[in-house]
1. Please verify whether the range 7-22 includes one or more residues that are touching a helix residue (DSSP H, G or I) at 6+ places or on another chain (Cβ under 6 Å) and under 18 Å from residue 168 (Cα atoms).
2. Between a first residue in the range 154-180 that is more than 28 Å from residue 78 (Cα to Cα) and a second residue that is among the aromatic types (Phe, Trp, Tyr) and in a strand (DSSP E or B), which pairs have beta carbons less than 9 Å apart while being 6 or more apart in sequence or on different chains?
3. Take the conditions over 16 Å from the mean Cα position of the chain (by Cα), closer than 25 Å to residue 2 by Cα and not acidic (Asp, Glu) and apply them to residue 175. Does it pass?
4. Go over the candidates 76, 151 one by one and state the one that is surrounded by fewer than 18 Cβ atoms within 10 Å (Cβ to Cβ), farther than 30 Å from residue 43 by Cβ and at pLDDT 95 or above.
5. Are any residues in the range 23-41 within 23 Å of residue 168 (Cβ to Cβ) and free of Cβ contacts under 8 Å to residues at least 40 places away in the same chain, and if so, which ones?
6. Inspect the range 83-91 for any residue being surrounded by 16 or more Cβ atoms within 10 Å (Cβ to Cβ), farther than 20 Å from residue 56 by Cβ and either out of contact with any Ser or Thr (no Cβ under 6 Å at 6 or more places or on another chain) or not β-branched (Val, Ile, Thr) (or both) and give the result as yes or no.
7. Of all residues in the range 9-53 being part of a helix (DSSP H, G or I) and of a type in the set (Asp, Glu), which is surrounded by the fewest Cβ atoms within 10 Å (Cβ to Cβ)?
8. Can you give me the number of residues within the range 88-106 that are at pLDDT below 95 and among the hydrophobic types (A, V, I, L, M, F, W, C)?
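The values are calculated or read from the model by the stated rules, or taken from the named source; none is laboratory data. Being a predicted model, the structure only gives us computed values, none of them experimental. When we count neighbours, we look across all protein chains shown, and the Cβ atoms used for this are built from the backbone with ideal geometry, even at glycine.
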Amino acid sequence: MKRYADDYKVVIEEDEKGREKKAAVYQGKYFEITVDEESLSKFRRNCLLLGALIILAHVVSGFLANQGMYNFFVSLPYVFSFLPLYFLAAGILRLPAKKRKLRRDEIGLSFERMKSASTYLLVLLGIGVVGEIIFLVWFMEGWNVLEYAFLLLGLLTAAAVYILIRLLKSMLGKISSIPE
């Protein structure tokens, strides 16, 4: 929140008992989303569903107990992807439910956080999928259905993140600042 500290001014107010209280008053730019209420609600619902699918597919793939997960080039990207996954979920949960004037911190902690987290998540998922393919081609002996299930879930997760990025990109183009 330090990034948004310059948007607030501390004002000293008196309460009904005569005591002084400090209150933060927002003085930064306001933003609006130039879509109707129904489109915003649909966007939020789609992001929640895609986020749930991403989390579910990623967690389930970790429970498969495949041999590829015993190699660092498969397991490290899988484990490291939980951090951007957490920030992606936090951004999705902060999406506005109704159309209103939004502060800069509300835009940054929802839309911008989703944008950066989903990009990092897609890169890490891509590295994990490439690592699993390397394992399948050079290191796997025999045929194991769990390896292909892990690869399929990794591809499904990456595809869902890509769809989320495309959906988010279309919504980011519809956010504009309100002139003062």
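1. No: zero hits.
2. As it stands, the answer is 175/31; 176/31; 177/30; 177/31; 178/30; 178/31; 180/30, since those pairs meet every condition given.
3. yes
4. 76
5. The answer is 38, 39.
6. The first filter runs over the range 83-91 and keeps only residues surrounded by 16 or more Cβ atoms within 10 Å (Cβ to Cβ), leaving 84-85, 87-89, 91.
Filter again for farther than 20 Å from residue 56 by Cβ, leaving none.
No, the range 83-91 contains no residue that is surrounded by 16 or more Cβ atoms within 10 Å (Cβ to Cβ), farther than 20 Å from residue 56 by Cβ and either out of contact with any Ser or Thr (no Cβ under 6 Å at 6 or more places or on another chain) or not β-branched (Val, Ile, Thr) (or both).
7. Going through the range 9-53, the residues part of a helix (DSSP H, G or I) turn out to be 37-53.
Keeping just the survivors that are of a type in the set (Asp, Glu) gives 37-38.
Working: 37: 11, 38: 9.
It comes out as 38.
8. Residues flagged as at pLDDT below 95 and among the hydrophobic types (A, V, I, L, M, F, W, C) within the range 88-106 amount to 2.
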